[in-house]
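The values are calculated or read from the model by the stated rules, or taken from the named source; none is laboratory data. Just so it is clear, the structure is predicted and the values come from calculations on it, not from any experiment. All Cβ positions, glycine included, derive from the backbone under ideal geometry; neighbour counts span all protein chains shown. Each accessible area value is taken on the protein alone, full model and side chains, heavy atoms only, with ligands, DNA and RNA left out. Shrake-Rupley method; radii C 1.70, N 1.55, O 1.52, S 1.80 Å.
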Amino acid sequence: MSGKRLSLFALTLLAACAGESPDRMAADSLSRDLQRAPVDSSAVLSDSAPAAPEAPKPVATKPKPKPAPKPAPAPKPAPAPAPLALASGTVIVTAVDQEIHSRVNKAGETITTTVSSDVTDSQGRVVIPVGSRVTMTISEIHESENKGDKTGKLTLTPTEVAIAGRTYPIVASAEALDRQLQDRKTNAGDVAKVGAGTAAGALVGRVIGGNTKGAVIGGIIGGAVGAQRAVETQDRDVVVPAGSRVQLRLQSGLVI
């Protein structure tokens with residue numbers, strides 16, 4: 001109401017100044033007031049811009065549990081190593097442990113040799129280590145019958161090899177690389193070989209000389225020839241000294 005009063009008062013002053021009657025001016029002011037939309041004068045005016053609506057607060061969410069890691073696959077077992085094996089034809093070098101002598105040893109006896117160096121397979125793995133023992137049988141042994149016989153007779157047959165306390169049968173041939181022939185003294189057996197030659201000499205002397213003296217000369221000549229032949233035909237022993245090389249060659253494969 002105080003606002004209207006002030007408006008009327010202001011209009012009266014203006015009318016007075018302009019020469020219009022106050023009543024007319026009041027009537028015009030009242031007409032204008034009626035045409036105006038009502039205004040709530042009690043509302044508090046503010047020049048500030050309306051506050052922006054608050055952003056909705058984020059709703060806290062529980063973190064999703066991480067999936068449990070998959071168990072690592074079990075390691076594959078390593079493949080079993082191939083068995084140790086030697087092919088047929090493999091050479092094994094050994095040394096004889098005790099002397100072999102044709103005057104001492106007989107067929108059927110056993111002797112041993114020691115492996116001189118490691119024997120490896122195709123992959124370089126040691127199959128028969130140095131120091132292993134090989135057992136052999138003397139299959140045949142005989143002295144030389146005469147000086148023309150250069151070797152005598154000696155046959156060794158390997159039967160088994162001992163490796164780290166275990167024995168394995170083997171099939172192989174063996175050769176004594178360092179065997180020798182030793183002369184024996186001429187003996188009755190050697191003389192008997194040429195006895196017939198002595199008698200033949202005496203008979204020839206008798207025919208040639210035609211008398212006893214010729215027979216004696218023939219006998220002397222025949223005896224000399226017989227003695228020389230006894231030397232030439234004397235026995236010679238086959239000897240393989242201890243430590244001599246004996247080489248084996250496998251005739252079939254060996255698996256350890």
Only Lys, Arg (+1) and Asp, Glu (-1) charged, at Cβ; the range 76-126 dipole about Cα centre in debye: 180
Nearest-0.05 FRET efficiency for residue 252 and residue 180, computed from C-beta distance (R0 35 Å): 0.65
In square angstrom, rounded to the nearest 10, how much accessible surface does residue 106 have for a 1.4 Å probe? 110
Treating only the Cβ of Lys, Arg, Asp and Glu as charged (+1, +1, -1, -1), what charge dipole size does the range 55-177 show about its Cα centre? Round to the nearest 20 debye. 1940
In nm, the gap between the two label points placed 7 Å beyond Cα toward Cβ at residue 133 and residue 97 is 0.3
Label zone at residue 149, where the point sits 7 Å out along the Cα-to-Cβ direction: the range 160-182 residues whose backbone N lies under 18 Å: 176, 179-182
For the range 77-196, accessible area per residue (1.4 Å probe, heavy atoms of protein chains only), Å²: 56
Normalised by the number of residues in the range 49-170, what is the relative contact order in percent for Cα pairs under 8 Å and 6+ residues apart? 17
